[in-house]
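Below: one structure, written as structure tokens.
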Amino acid sequence: MNWQNEEIISEVKEELDKFAQNRFFLLGEYTDKFEKMFAKNQQSEFFIGLSSGTVALQLLLRSQKLPIGSKVLVTSFCPIPTVMSIYEAGLVPKFVDINPKTLNISVEELNRVYSKDCKAVIAVHIFGKMCEMEDISNWCKLKDIPLIEDACQAVNSKRKESSIGQHSVGAAMSFYPTKNLGAWGDAGGVITNSPEVREKLLYLRNYGLNSNFVSESLGGNYRMDELQALILLKKLPLQSKDMELRDRVLNFYVERLGKSNFQIDTSEDYHNKHVTSYLMNSNESREKYRSFCIDKGLKSVFFYEQPVYRHKGIKENLHLQNCEDVCSRIINLPTDEMRQDIVDFLKEIT
Ligand SMILES: Cc1ncc(COP(=O)(O)O)c(C=O)c1O
């Protein structure tokens, strides 16, 4: 069992008696308490609990009332739900190449593909490493288009004193079970400092209803459920210990393998180590590492082995060079285990 789950299980069992007597299984006291605690914890004004990270992105896009069919600038190096949320909001993705050092988009790459029909940007903090938010936000202001953060992998991350949600209309969070802060099912939400965005999301998540049960706008069923809020409340105090453990594991690998192939600049980033990525020298050495993983019974599928535009549902005929190159060489190292055999193997083949 994952150590965080082990740590909370007896408290959860005790709390379930009280939970069962609850009159509100949705949008009740647990969600309310988690929303307040999590907003404070992430140094933000508001947090709105939703049913998933994908929904959080979709509703943030819908809250901006962009013309249907508008283009949204988005990284080519991300998981498919980021792009799904764009289609679900009635919009169309326009893919941006990455900076191979950060694995994130940059102003330079945005300028390369921008056209007048681009009406928003989603900045994805890939693997928990935050984008250069100050620069991207200034660029968006010049173009007069909203900036949305996909912080689904970035709970607890910071950059140069910037926090999540500070430079955007809102940041989507996911509590998918494998995240640093993981629920026992689907859950997500939005961090924002804007009262207007908060209000729109409160309507959108609950069929558009106001307090008199009249629908103000077309919404849906996108609520966070109370049981997930209970689990997240119990896990929130464990986050600093989780960060310490991840730090210790990362330092083990960095000390032995050197900094250059990691995408983490520990001097300026407060990275949450959601995923530790390492760039091999070539696709050939990556394939050797894959065989090593298979032999050892380790995970042998890496994030991400293809640019997101190559998924069958998208079918864009693109070739963004930096992204293609990274996808052909990337591996992930364990975030919870210090393995000397991995270090030895990587040293031997690179
Ligand atoms: C970067 C990113 N965006 C979006 C999502 C979607 O979140 P969810 O699975 O909660 O819908 C994920 C989840 O894995 C993610 O890693």
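Here, each number is a calculation from the coordinates, and none is a lab measurement. Source: prediction; values computed, not measured. Cβ coordinates were reconstructed from backbone atoms using ideal geometry, including for glycine residues, and neighbour counts include every protein chain displayed.
Anything over 22 Å Cα to Cα? Flag those among Lys33/Lys200; Lys18/Lys235; Lys129/Lys241; Lys13/Lys299, in the order listed. Mind showing how you got there, number by number?
On the way: Lys33/Lys200 20 Å; Lys18/Lys235 18 Å; Lys129/Lys241 19 Å; Lys13/Lys299 32 Å.
As for pairs spanning more than 22 Å Cα to Cα, those are Lys13/Lys299.
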Considering only the other residues whose Cβ falls under 11 Å of the Cβ of Glu108, what net charge follows from Lys and Arg at +1 and Asp and Glu at -1? -3
3J(HN,Hα) from dihedral phi, the stretch 60-74, Karplus parametrisation 6.51/-1.76/1.60, rounded to Hz, x for glycine, proline: 4, 5, 5, 5, 8, 6, 7, x, 3, x, 5, 8, 10, 6, 8
DSSP-assigned coil residues among GluC sites (Glu not before Pro) in the stretch 155-208, each with at most 13 further Cβ atoms within 10 Å: Glu161
Exposure proxy check: Leu230, Leu59, Leu279, Leu147 ranked by fewest other beta carbons within 10 Å? Leu279, Leu147, Leu230, Leu59
Check: the chain dipole with +1 on Lys, Arg Cβ and -1 on Asp, Glu Cβ, in debye: 540 debye
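Determine the sum of side-chain charges near Ile9: Lys and Arg each +1, Asp and Glu each -1, restricted to other residues whose C-beta is under 13 angstrom from that of Ile9.
-2
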Calculate for the chain the 222 nm mean residue ellipticity that helices alone would give, adding -39,500 (n - 2.57) per DSSP H run of length 4 or more and normalising by residue count, nearest 500 deg cm²/dmol. -12500 deg cm²/dmol
18 Å Cα-Cα threshold exceeded, pairs from Lys179/Lys234; Lys94/Lys119; Lys160/Lys234; Lys119/Lys312: Lys160/Lys234; Lys119/Lys312
Would you mind pulling out the separation of the Cα centroids of the stretch 273-349 and the stretch 169-241, in Å? 32 Å
How big is the antiparallel share of DSSP beta bridges in the chain, given as a percent to the nearest 5? 60 percent
Reachable aspartates and glutamates from Lys296, criterion Cα separation under 13 angstrom, eight or more residues apart if same chain: Asp341
Can you compute 3J(HN,Hα) from phi for each residue in the stretch 304-317, using the Karplus curve 6.51 cos²θ - 1.76 cosθ + 1.60 with θ = phi - 60°, rounded to whole Hz and x for Gly and Pro? 10, 8, 9, x, 5, 5, 8, 4, 4, x, 9, 6, 8, 8
